[in-house]
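Laboratory data are not the source of any read-out in this text; all were calculated from the coordinates shown. Quantities reported herein were computed from a predicted structural model and do not represent experimental measurements. Methodologically, a virtual Cβ is constructed for each residue, glycine included, from the backbone with ideal geometry; neighbour enumeration extends over all protein chains shown.
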Amino acid sequence: MTTIGLYLPGSSALHRARAGHKLMVLVLAGAASVFLDEVWQVLVALGVVSVGYGVAGIPLRTALAQLRPLVWVVGAAAVFHVLVNGWQRALVVLGVIVVLVLLAALVTLTTRTTDLVDALVFACRPLRRLGVDPERVGLMLALGVRCVPVVVGLAEEVRDAQRARGLGASPRAFVVPLIVRSLRHADALGEALVARGVED
């Protein structure tokens, strides 16, 4: 199974498109999503995103994997909106969430992380007059992106150790070691940054 949001090499038109342009489309889509208030509109948006996955040559299984982390959140939100606003409004709200998540995942699946960071650094250059360091922003973004798979890997290691000790599904036996390992990783990362002259 492909890791969530991990870049998939390819030669499609979406892969060749500039990272800045794809990020701009993502921002505009997020802004336009507030105007979706009918089920058919959400279905059209979902169809457009599905075409994007097809153009990029990304398998359906990989596309559906992007929604796996949302199962519990979407389920809880669905129950709330059905009870408060009715099933049609629930479909619209949840559909918009699914569309935006799939679109964001499509951007990351077809764009290298370095290209995304470079595009964001370029976009932040006008803020240099306000005291913002674009390169520092890019570093923070790169570290944030990198930390996601690291934490996932630590969680898998803790889960394996938990099973080996026969602790079952104890939340405490899982959360405490995960927090400790994450903090140790953060300390090591901080020391490495200080060693390279990034002290703040």
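Based on C-alpha pairs under 8 angstrom that are at least 6 apart in sequence, the chain has a relative contact order of 24 percent.
Size estimate for the range 13-111 follows the Kirkwood approach: the inverse of mean 1/r over distinct Cα pairs works out to 14.1 Å. The separation of the range 1-75 from the range 109-132, counted between C-alpha centres, amounts to 21 Å. For the range 30-73, the square roots of the Cα gyration tensor eigenvalues, ordered a ≥ b ≥ c, give a/c of at least 1.5 with a/b no greater than b/c, which places it in the oblate category.
Here Rg/Rh (Cα atoms, Kirkwood Rh) was computed from the coordinates, and among [x] 0.93; [y] 1.02; [z] 0.99 the match is [y]. Across 65, 123, 105, mean-square fluctuation computed from a Gaussian network of the chain (C-alpha pairs under 10 Å connected) peaks at 123. Toward the positive end of the charge dipole of the range 133-195, with +1 on the Cβ of Lys and Arg and -1 on the Cβ of Asp and Glu, the farthest Cα among 137, 195, 176 is that of 176.
Each Lys and Arg contributes +1 and each Asp and Glu -1, all at the Cβ; summed about the Cα centre of the chain, the dipole is approximately 220 debye. At 30 Å minimum axial length over the Cα atoms and a Kyte-Doolittle cut of 0.5, report the qualifying DSSP H helices in the chain, or say none. Counting only whole DSSP H runs, the qualifying helices are 87-109, 134-164, 171-195.
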